[in-house]
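The values are calculated or read from the model by the stated rules, or taken from the named source; none is laboratory data. As the structure is a computational prediction, the values presented were derived from the model and not from experiment. Quick reminder, even Gly has a Cβ in these numbers, built from the backbone with ideal geometry, and neighbours come from all protein chains shown.
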Amino acid sequence: MGTHIVEKILSEHLVSGELKTGNEISIRIDQTLTQDATGTMAFLQFEAMGLDRVQNELALSYVDHNTVQVGFENADDHDYLRTVAARYGAVFSRPGNGICHQLHLERFGIPGKTLLGSDSHTPTGGGIGMIAMGAGGIDVAVAMGGGPFYMTAPRVVRIELTGQLRPWVSAKDVILKVLSVFGTKGNVGTIFEYGGEGVLTLDVPQRATITNMGAECGVTTSVFPSDERTRAFMKAQGREADWRELKADDDARYDDVVEINLSELEPLMAAPHSPGNIMAVKELSGQRVDQVCIGSCTNSSYADLRIVAEILKGKSVSTHVSLGIAPGSREVMLMLAREGYLADLIQSGARILESACGFCIGNHLSPGSDAVSLRTSNRNFEGRSGTQSAQVYLVSPETAALAAVEGVFADPLSQSPNSYPAVEMPSQFLVDDSLFLFPPEDGSAIKVKRGPNIGDPPANRKLPDHIIGEASIKVGEKITTDHIMPAGQRLKFRSNIPAYAEYVFEHVDSQFPSRAAELRNVGKHNMIIAGASYGQGSSREHAALCPMYLGVKAVIAVSIERIHMANLFNFGILPLLFVHEEDYGRIDQGDQLELGDIRNRIGEQEVTLVNLTKDIEIPLKAGYSSRQQQLLLAGGLLNYTREQSI
Ligand code: MIC
Ligand code: SF4
């Protein structure tokens, strides 16, 4: 029987375990990437592991999230990251160079390699044929130290693309269609592998838009074949020598196959407040728009922005719309500038933003109260834009640009097909790597600079014999990591856990941090009770680290998303699932709870939670692998790596 792409890459990298769906396996990681908002902690943890130099093939440290420098904190973090990269052998991408995923695709992605990144959109690399996965910073630190990455052998779903996109329909509409089929929950442990004749109609940046937003389905990653179009992209980036062909065998078997006919797609959007709320753009035709933001790691390639420039050329942004445009990389920005397209953007009245995450993470251009904002980014969780009452819609660059001019939602398909500014991929990109700082052979003499906002990563204590405490918060379903640990204006505390911990669940229950800390201070444990799909969204390990700091010992939920689940293990917090979903209703906030003799029972499939307040017993699923048990017993990965060698 033939093999598919996922199996080919994973088996080439397999370190332990059997490649059978659902098994725990570990794989060798070729490349790693970190970004500044998660990377500072990842490098602090790397340092705390006592290693002398990065061991994997290539470690990239990007600065793209915390580029708004109000106060010294972010600038200090950048300096820390620059010096720590040089000291330990990582490549440093200076602020201004661009967004990590766009840059990695352009300059470093290689078909057939594995990439682990401390950012949930690392699967962007699947567009060039990599197995590229997001993880918590400490998992990336371990991979930089040459340690394997532990994961569940995936279920592989083939997404068969047929046909060809019509003019005015774009790659963003493909992934929005995928989201309408699969939703944002229930896809844990799955990899999407794209195939079919429709693949050949898409260039690498379009494929990357699709794999990027697979993250919103909660899949482990998504991957495209590596073919002649991949080769052409790499050639245009001056990297053809790294190209390799990668395709599934004709008789490869998949766990499921879903067909999407590109010719039938229409412009779609994700309505507030979830990337899974899919509707057609035409459903809101004519309704007022207040803000348009174009960019982010989903849609900021050269072709994306050139199409936008051609749509805006000679027109003006509607008088009541604020338009922000952030090219994904300096390469994109330079090309637009040299070829004159930047002038078209400026002339239209667009606000040209830095090549960085900016608006996408609520770090810039927060909309006004109740404003309707159309964005080409990938997440529209409530409040993520920095404005709780804003209504954010996720759309394609085409839909965004038209709305900016018209001031209302406008269906791109109402334009004439002949007026579509289709863009051919250039045969040569304008490559300029001067904002990458490559490390010296021996960095041991380099002094790492640590500003006053950078603290040591807090370590946990070993798992106690009994967990006795309180359900200090009860939340509903689809709680994202943005709910748990807000970004935006709080981002600058990423390197300072005691300060950042004051904002855990800020917009859900602002009293939580003080309540939890009070319990912790009198020696009681905290437990979080949650519905389905807890921890959706980002890879930020702070969503486990800060609760850990506040004394949270267990998260008891209907279901937990993959990266967050791994982060809980990494910080010694027990993830436990209800055996009977309806038991979620049998715990109230404030109930006194007990998980007795837990150290001894850590290896069991089920453990019993006693709700002391209600005098009932509730069975919970544990079923941890032996490695997960070791992590929990040690009080997290940092303690564990100190006990063992990784
Ligand atoms: C995001 O898009 O939510 C982020 C910000 O890029 C995060 C990482 C972080 O929180 O630093 C992600 O996607 O993992
Ligand atoms: Fe940056 Fe937004 Fe992409 Fe996250 S999703 S990496 S914040 S651009």
In segment 470-521, how many residues are on the phi > 0 side of the Ramachandran plot and more than 16 Å from ligand 2 (Cβ to nearest atom)? 2
Here the qualifying pairs (Cβ atoms under 8 Å; residues six or more apart or on different chains; first in segment 510-530 and under 19 Å from L620 (Cβ atoms) and at pLDDT 95 or above; second part of a helix (DSSP H, G or I) and of a type in the set (G, A, S)) come out as N526/A516
Restricting attention to segment 1-52, the residues that are away from ligand 1 (no atom under 16 Å from the Cβ) and in contact with a Cys (Cβ under 6 Å, 6 or more places away or on another chain) number exactly 0
In segment 35-53, which residues are closer than 23 Å to R627 by Cβ and of a type in the set (V, I, T)? T38
Requiring at least 1 residues that are out of contact with any Gly (no Cβ under 9 Å at 6 or more places or on another chain), the strands (runs of 3 or more DSSP E) wholly within segment 226-322 are 256-261, 268-270, 278-280
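Here is a check on your reading of the model: is D203 within 16 Å of V157 (Cα to Cα) and of a type in the set (D, E)? Write out each step before concluding.
Details: within 16 Å of V157 (Cα to Cα): no; of a type in the set (D, E): yes.
The answer is no for D203.
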Identify, from the list A459, A471, A487, the residue that is among the aliphatic types (A, V, I, L, M) and either over 28 Å from the mean Cα position of the chain (by Cα) or loosely packed, with under 13 Cβ neighbours inside 10 Å (or both). A471
Residue pairs meeting the criteria (Cβ under 6 Å; at least 6 apart or on separate chains; first of a type in the set (V, I, T), in segment 417-434; second surrounded by 10 or more Cβ atoms within 10 Å (Cβ to Cβ)): V423/A303; V423/R306; V423/I307; V431/G238
How many of the residues in segment 370-392 are surrounded by fewer than 24 Cβ atoms within 10 Å (Cβ to Cβ) and either within 19 Å of A350 (Cα to Cα) or aliphatic (A, V, I, L, M) (or both)? 2
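Residue-wise test of (1) without any contact (Cβ under 8 Å) to a residue 24 or more places away in the chain; (2) of a type in the set (V, I, T).
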| residue | (1), (2) |
| --- | --- |
| A566 | no, no |
| F571 | no, no |
| D591 | no, no |
| V610 | yes, yes |
| P619 | no, no |
| G636 | no, no |
| E643 | yes, no |
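When you look at V15, is it farther than 22 Å from L491 by Cβ, of a type in the set (A, V, I, L, M) and either surrounded by fewer than 24 Cβ atoms within 10 Å (Cβ to Cβ) or within 20 Å of the chain's Cα centre (by Cα) (or both), yes or no?
Working: farther than 22 Å from L491 by Cβ: yes; of a type in the set (A, V, I, L, M): yes; either surrounded by fewer than 24 Cβ atoms within 10 Å (Cβ to Cβ) or within 20 Å of the chain's Cα centre (by Cα) (or both): yes.
Criteria met by V15.
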Of the residues in segment 194-225, those that are outside any helix (DSSP H, G or I), crowded, with 24+ Cβ neighbours inside 10 Å, in contact (Cβ under 8 Å) with a residue 40 or more places away in the chain and away from ligand 1 (no atom under 16 Å from the Cβ) come to V223, F224
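One line per residue, one yes/no per condition, for (1) at pLDDT 95 or above; (2) hydroxyl-bearing (S, T, Y); (3) under 30 Å from A280 (Cβ atoms):
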{"site": "A400", "(1), (2), (3)": "yes, no, yes"}
{"site": "E406", "(1), (2), (3)": "yes, no, yes"}
{"site": "F409", "(1), (2), (3)": "yes, no, yes"}
{"site": "P412", "(1), (2), (3)": "yes, no, yes"}
{"site": "P417", "(1), (2), (3)": "yes, no, yes"}
{"site": "D432", "(1), (2), (3)": "yes, no, no"}
{"site": "D465", "(1), (2), (3)": "yes, no, no"}
{"site": "N496", "(1), (2), (3)": "no, no, no"}
Residue, surrounded by the most Cβ atoms within 10 Å (Cβ to Cβ), within segment 490-509, restricted to residues that are touching a residue at least 12 places away in the same chain (Cβ under 8 Å) and of a type in the set (D, E, K, R): R494
Among residues belonging to segment 369-386 that are closer than 21 Å to G286 by Cα and part of a strand (DSSP E or B), point out the one that is farthest from ligand 1 (Cβ to nearest atom). V372
Tally time: how many residues in segment 257-308 are surrounded by 24 or more Cβ atoms within 10 Å (Cβ to Cβ) and within 16 Å of ligand 1 (Cβ to nearest atom)? 9
Answer residue from segment 324-365, given it is more than 11 Å from S300 (Cβ to Cβ) and among the hydroxyl-bearing types (S, T, Y) and is farthest from the chain's Cα centre (by Cα) among those: S348
Only unsatisfied item for T67, checking (1) within 16 Å of ligand 2 (Cβ to nearest atom); (2) buried (at least 24 other Cβ atoms within 10 Å of the Cβ), is (2)
Restricted to segment 330-361, and to residues that are assigned to a loop (DSSP other than H, G, I, E, B) and away from ligand 2 (no atom under 15 Å from the Cβ), which residue is surrounded by the most Cβ atoms within 10 Å (Cβ to Cβ)? A350
All positions within segment 6-41 that are over 22 Å from T641 (Cα atoms), assigned to a helix (DSSP H, G or I) and within 16 Å of ligand 2 (Cβ to nearest atom): D36, A37
Which residues, counting only those in segment 42-64, are in contact with a Gly (Cβ under 8 Å, 6 or more places away or on another chain), within 16 Å of ligand 2 (Cβ to nearest atom) and not in a loop (DSSP other than H, G, I, E, B)? A42, S61, Y62
Determine if segment 556-565 includes at least one residue that is buried (at least 24 other Cβ atoms within 10 Å of the Cβ), more than 16 Å from ligand 2 (Cβ to nearest atom) and farther than 25 Å from G39 by Cα. yes
